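The values are calculated or read from the model by the stated rules, or taken from the named source; none is laboratory data. None of these values were measured; they are calculated from a predicted model. Heads up, the Cβs are rebuilt from the backbone with ideal geometry, glycines too, and the neighbour counts pull from every protein chain shown.
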Amino acid sequence: MDKGLAADFAECRRLVDEGDADRAVSLAYAPDDRRDALAALYAFDIETGRVRAHVSQPLPGEIRLQWWRDRLADPQDEGQGAPVAHALQDTIRRYDLPRDAFERYLDARIFDLYDDPMPGRAEFEVYAGETASTIIMLAAMILSGRPDTVVADAAGHAGVATLAAGLLRGEPRLRGLGQSFVPGDLLSAAGADHGGWAAGPEGLEAARLALAAYARDHLNAVTDRLSQISPAIRPAFLPALANNAALRMVERSGGRPYVESRFAAVHRLWSYWRAMRA
């Protein structure tokens, strides 16, 4: 690997280390020769996930997503001058990752740029499938070629669990961005609505418990399948499993807003150790 590419992969590792502790720790469970590629994939997800926070209007965000779309659509594009793009292009070629998966991912990310509320669980699961679940599947491909249907099914559930739990873990930040990603039908069932969620955080205990139960159902579906998934692929699922502690905190508190425990790092390591030994 040339020095320029090595530096770009190092930048991806830095972005993951600083931006996503769950994924940063999970890299230690992956084989040495796969960690750079996983870091490039995760850094791409982190960068595109931050577009909304970096623009004041949707149009500049759409332009940024189109920039990514143009880079990744061209196999000859090296992404020079953009460390994450350069490292990701190398990763896509090396592991023969499907470029159309990235195109669908970027199309789904357009929803992030607007204030439209998430209508219901069906739409939420489609969005999760094209974003979080896609990243998990691509990570599984980096780790072990072409995953089987069990892995694909588990990735679908893991993506939904990750996003749903992420709404609880990132509630204040997302509220500050003016976004309401909580499925509308779930809010209605809990006696709430998008306006109340956006105004929060008071009076949303039932809604948080409903969201935690929704995430829990999908996370349980992942753990039920874990023993059928090769240990070589399991590092792709570890970040999703890290949400267990956050869900437990919301459940036990009766739906109070999530506050990260000072033992979060210990809980993460424990859940990863258990998952790798399942």
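The single condition from (1) without any contact (Cβ under 8 Å) to a residue 24 or more places away in the chain; (2) closer than 23 Å to Tyr29 by Cα that Ala199 fails is (2).
Residues in segment 241-274 that are under 16 Å from Ala161 (Cα atoms) and of a type in the set (A, V, I, L, M): Leu241, Ala242, Ala245, Ala246, Leu247, Met249, Val250. Scanning segment 96-113 for residues that are over 19 Å from Ala73 (Cβ atoms) and out of contact with any Lys or Arg (no Cβ under 9 Å at 6 or more places or on another chain) yields one hit, Phe111. Annotation note: of Leu204, Leu211, Leu241, Leu174, the sole residue that is among the aliphatic types (A, V, I, L, M) and within 22 Å of Met137 (Cβ to Cβ) is Leu241. Gly176 meets the conditions (1) closer than 23 Å to Arg52 by Cα; (2) out of contact with any Leu (no Cβ under 7 Å at 6 or more places or on another chain); (3) touching a residue at least 24 places away in the same chain (Cβ under 8 Å); (4) of a type outside the set (S, T, N, Q) in every case but one. The failed one is (3). Screening Asp224 with (1) within 26 Å of Pro239 (Cβ to Cβ); (2) touching a residue at least 40 places away in the same chain (Cβ under 8 Å) gives one miss only, at (2). Screening the candidates Ala232, Ala206, Ala221, Ala212 for the property of being buried (at least 23 other Cβ atoms within 10 Å of the Cβ) and either hydrophobic (A, V, I, L, M, F, W, C) or assigned by the TED database to the domain that holds Ala132 (or both) yields one hit, Ala212. Selection within segment 102-144: residues that are small (Gly, Ala, Ser) and under 15 Å from the mean Cα position of the chain (by Cα). The member of this set that is farthest from Phe237 (Cα to Cα) is Ala108.
Among the residues of segment 15-40, those identified as farther than 30 Å from Arg262 by Cβ and touching a residue at least 12 places away in the same chain (Cβ under 8 Å) are Pro31, Arg34, Asp36, Ala37, Ala40.
Name the helices (runs of 4 or more DSSP H) wholly within segment 131-197 that hold at least 2 residues that are crowded, with 21+ Cβ neighbours inside 10 Å, modelled with pLDDT of 95 or more and among the hydrophobic types (A, V, I, L, M, F, W, C)?
Working: elements: 132-144, 149-169, 171-176, 184-189.
Once the helices (runs of 4 or more DSSP H) in segment 131-197 are filtered for at least 2 residues that are crowded, with 21+ Cβ neighbours inside 10 Å, modelled with pLDDT of 95 or more and among the hydrophobic types (A, V, I, L, M, F, W, C), what remains is 132-144, 149-169.
Of all residues in segment 25-54, those being small (Gly, Ala, Ser) and surrounded by 19 or more Cβ atoms within 10 Å (Cβ to Cβ) number 6.
Counting just the residues of segment 244-270 that are charged (D, E, K, R) and closer than 19 Å to Ala206 by Cα, which one comes out surrounded by the fewest Cβ atoms within 10 Å (Cβ to Cβ)?
The initial filter retains those residues of segment 244-270 that are charged (D, E, K, R), namely 248, 251-252, 256, 260, 262, 268.
Add one more test, that the residue is closer than 19 Å to Ala206 by Cα, and what stays is 248, 251-252, 256.
Numbers: Arg248: 14, Glu251: 14, Arg252: 9, Arg256: 14.
Within segment 244-270, the match that is surrounded by the fewest Cβ atoms within 10 Å (Cβ to Cβ) is Arg252.
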